[in-house]
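Okay, structure first, notes after.
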Amino acid sequence: MRRRVVGILAGVAVLASALAAVIGVGQLTSFEVEKVTGDVHVLYGQGGNVAILATTSGAVVVDTMSFRMQGEQIWELAEELGGGPVQTVINTHYHWDHTHGNPGFAVGTRIIASDATLRYLRHFDADYWTGGAEGTLPNETVEAEERLEIGGKTIRLLHPGRGHTGGDLVVLFVEDRVVHLGDLFFNARYPNIDLEAGGSVREWSASLDRVLALDFAAAIPGHGKVTDREGLLAFQRFLQEVWQVAERAAREGRSLAETQATAGLRTDAGYAPISIPFLIKLDREFVIRRAWEEATGAVRPTRIPEDREDA
């Protein structure tokens, strides 16, 4: 299983290049911009949602989408919207649609991620971070929690536990009461569950409890539109129902096909699938399969050595 997953991720850069050619440069660097507060904007485009925080000393950027050319454009927009040069980039997790824009930023830019995210990037996605791109890997890491003071703004970084991956980082803009959850939150979208990289349907809800304990009014998902606390609670209820279905199926010895055929979910009304050409389709069947695989022990996290700093 580990070889299959690594093989899939190693081919992502090639598939991404092909996808870029199909989509076209104009579409890739065309973003919808939403103002969340006076100092926080969100960029929607081909990849995970990007947040830009304006401070008195420049911009803070959360996630960088899927391609170097997007990263370059995000950098320019961040300097325009963020009140000056980019001070800090934060990667919420390791997946390509949130990190592969990093090389569009200047080498030496302060880039922060969780310890686990840096290990996953080096282990699962090593082929991409070559030819100069390695200079835009995260150069600061957070194990559990950290507080940043940048240009009159307070930023809390929190690794609340397992969920989408084992290294998800949540970013709270304290004064603006805005939280960016990365792919720990898919708003009205079926989520990806990366069991191989430590993701967990079983533990995801508890991780969201730690986020819900924070003081925020607006929640930025990794995919989908900005919402509020109730939107996040609705997603949590969906995850809880999916786990109940999977846990019962494992207890009763049901096959995957039986589980998918009989799972009468009620909390995913209005949910939309996400399709990545040539790679993956995130839909109800996918989510149930991943939960069933975790509940039955069919898939377990890949063990990644801790001492890969020089890999």
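Residues that are in contact (Cβ under 8 Å) with a residue 60 or more places away in the chain and either touching a Lys or Arg at 6+ places or on another chain (Cβ under 9 Å) or farther than 21 Å from Asp39 by Cβ (or both) within segment 72-89 comprise Gln87, Thr88, listed in sequence order. Looking only at segment 32-59, residues that are within 18 Å of the chain's Cα centre (by Cα), at pLDDT 95 or above and under 29 Å from Phe278 (Cα atoms) come to 9 in all.
Scan segment 19-29 and give yes if some residue there is of a type in the set (S, T, N, Q), under 24 Å from Ile280 (Cβ atoms), at pLDDT 95 or above and assigned to a loop (DSSP other than H, G, I, E, B), otherwise no.
No; the residues of segment 19-29 include none that is of a type in the set (S, T, N, Q), under 24 Å from Ile280 (Cβ atoms), at pLDDT 95 or above and assigned to a loop (DSSP other than H, G, I, E, B).
Got at least one residue in segment 175-192 being surrounded by fewer than 21 Cβ atoms within 10 Å (Cβ to Cβ), small (Gly, Ala, Ser) and touching a helix residue (DSSP H, G or I) at 6+ places or on another chain (Cβ under 9 Å)? Taking every residue of segment 175-192 in turn, at least one turns out to be surrounded by fewer than 21 Cβ atoms within 10 Å (Cβ to Cβ), small (Gly, Ala, Ser) and touching a helix residue (DSSP H, G or I) at 6+ places or on another chain (Cβ under 9 Å).
Against the conditions (1) under 30 Å from Arg122 (Cα atoms); (2) modelled with pLDDT of 95 or more; (3) under 21 Å from the mean Cα position of the chain (by Cα), Gln236 satisfies every one except (1). Given the criteria farther than 24 Å from Arg248 by Cα and surrounded by 20 or more Cβ atoms within 10 Å (Cβ to Cβ), does His164 qualify? No, not satisfied. Exactly one residue out of Val107, Val62 is within 22 Å of Glu145 (Cα to Cα) and either surrounded by fewer than 16 Cβ atoms within 10 Å (Cβ to Cβ) or modelled with pLDDT of 95 or more (or both): that is Val62.
State yes or no: is Leu232 buried (at least 19 other Cβ atoms within 10 Å of the Cβ) and under 28 Å from Lys35 (Cβ atoms)? Yes; evaluated as a whole, the condition is true for this residue. Of the strands (runs of 3 or more DSSP E) lying entirely inside segment 157-222, none contains at least 2 residues that are over 14 Å from the mean Cα position of the chain (by Cα) and touching a residue at least 60 places away in the same chain (Cβ under 8 Å). Cβ separations smaller than 9 Å between residues 6+ apart or across chains give the following pairs from segment 101-117 residues that are within 17 Å of Gln73 (Cβ to Cβ) to residues that are in a loop (DSSP other than H, G, I, E, B) and of a type in the set (Val, Ile, Thr): Gly101/Thr64; Asn102/Thr64; Asn102/Thr109; Pro103/Thr64; Gly104/Thr64; Phe105/Thr64.
The values are calculated or read from the model by the stated rules, or taken from the named source; none is laboratory data. Model, not experiment: these values are computed from the prediction. Methodologically, a virtual Cβ is constructed for each residue, glycine included, from the backbone with ideal geometry; neighbour enumeration extends over all protein chains shown.
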